[in-house]
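Participant: Have a look at this one before I ask anything.
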């Protein structure tokens, strides 16, 4: 299942690989290479997201994880409310895998569109 070198991303989970396999159907070999290049530079691993959540929680930079995944509005809301009185930050800490997967799905779609434009 993990033999495909196009999906050899560090820290990739089964869910992410399954989604990617489904998402890139119909790409040519050159488009697949472009997708891999684009996606590998944009994706966040679960360990990265966990690190962002811990940094945000431990340093009182609540919302740091949201800024890192491009959710500026939520990041500001977390920052000014101290992570919704710490509860939102704790929830993000517990759900870091989901945050990473949702972010990676968005980036995979963007990378797919960029790869499709490549002729």
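Derivation of every value follows stated rules applied to the coordinates shown; laboratory data play no part. Since the model is a prediction, treat every value here as computed from it, not as a measurement. Neighbour counts are summed over all protein chains in view; Cβ atoms, including those assigned to glycine, are modelled from backbone coordinates with ideal geometry.
Participant: Is the range 86-99 home to any residue that is surrounded by 13 or more Cβ atoms within 10 Å (Cβ to Cβ) and at positive phi?
Facilitator: Yes, some residue in the range 86-99 is surrounded by 13 or more Cβ atoms within 10 Å (Cβ to Cβ) and at positive phi.
Participant: Residues to consider are 50, 61, 82; find the one that is farther than 30 Å from residue 116 by Cα, under 12 Å from the mean Cα position of the chain (by Cα) and surrounded by 14 or more Cβ atoms within 10 Å (Cβ to Cβ).
Facilitator: On inspection, the qualifying residue turns out to be 50.
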